[in-house]
Amino acid sequence: MAAEGRMTNTMEPQRNTNATLIDLLDRVLDKGLVIHADVIVSVAGIPLIGVNLRAALAGMETMLKYGIMQAWDERIRSWETDYRSKKKDALIQGEEITLKMLGAYHSTKGIYTAWRYGYLYLTEDRLFLYHEHFGEVLFEVPLKRIRGLVIREEAHFNDKKLREALYLLLEGEEVCRLTALNVPQLKEALEKRMEEAGLDLQEGWAVPPGHENSAAFLAEGEQIICAGKMWYLMDKEGITDDTWRAGHLYLTDKKVCWYYDHARKTGMEIPVSGIKGSVMETRGRNEVTSKEKVMDILYAANGTRKVATFSGPLLGEWNEILNKIITGQGEPKSEREKETCPQCGKAALIKELLEEGCTSCGWVSPVKKERIRKIEVLA
């Protein structure tokens, strides 16, 4: 009888003052917890809302033991297996990773330009950007193709925040643009790895002006002469009046082009041969800015005279350059710098090509054609 008096009912709740939260979680995940509750919400004795709650909480091993969530578990394991196999496929057999970092590559291929994000991997022989969820290599370059590295601070898409970008000069004068979680660390790792591999980098290399958007409008062989931020007065569209938009103005050896940064598209193009004049005057961009300089570029298009209006820094320099090119006095590049004839490909001094044309095939530059036309009109 004494022994029976000491027996306790194992189903009765017990209190253990030494138990911790970890002990509680361990017991719940190991044995499991089932909640089953019926709740009725009443107002003035009238039932309005009924809630039926059924929930099970346990570790996955316990869940699977009782046949719960088996299909979901199989799908997750299958996805993880495929993901790991794709990740292994991105690496060449025996290849070792020197650096892994979150980063992005500015893609200019296809119908639009965009930053493509993933993980940047630096190995003994190459640098590549890998999107782990899609199992896809978005960008890849062998280290032996890299000729120069430079970091530039540039505006973010909202033009309010500056961030660092790493520009890579590749063989063939190709330029690639990257950003990363730590751009200086990425550049330092690349330089160290290339030094170890005996690969030389070009010192003093600078990013060509306007390269960020150039792929969107440059033709093959076309060269940028100057570029800079500029406001452009866009023609009215629909119910919207003429509106000033921020972008970049480019002068190439073939045309003047304004690139709309926000929409990532070319908003205006004028062939060099179509430019008739450039005039500066003080005029308000709006009611607030009543005294601000603007530049009007006069040009011909489809048999009619048109005007493109710009505002921004260094308008005087732009106006001077444009007028020199119109009159045939401009020398966009150094007189000693050579360029190839766009028709036959023969190399010659840029000044000679612009002023005299090509002595081999007879090609005449747009600047000379315009000068000849003006002389004929005056005659």
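Consider Tyr119 against the criteria (1) at pLDDT below 90; (2) part of a strand (DSSP E or B): it satisfies all of them except one. Which criterion is unmet?
So Tyr119 meets the others, but not (1).
Please count how many residues of the stretch 135-155 are among the basic types (Lys, Arg) and over 15 Å from Gln202 (Cβ atoms).
Number of matching residues: 1.
Hey, which of the strands (runs of 3 or more DSSP E) in the stretch 244-333, taking only ones fully inside, have at least 2 residues that are of a type in the set (Val, Ile, Thr) and at pLDDT 85 or above?
It comes to 275-282, 293-301, 304-311.
Considering each residue of the stretch 19-48, count those that are at negative phi, outside any helix (DSSP H, G or I) and modelled with pLDDT of 75 or more, and give that number.
15
The values are calculated or read from the model by the stated rules, or taken from the named source; none is laboratory data. Just so it is clear, the structure is predicted and the values come from calculations on it, not from any experiment. We place every Cβ from the backbone using ideal geometry, glycine too, and count neighbours over all the protein chains shown.
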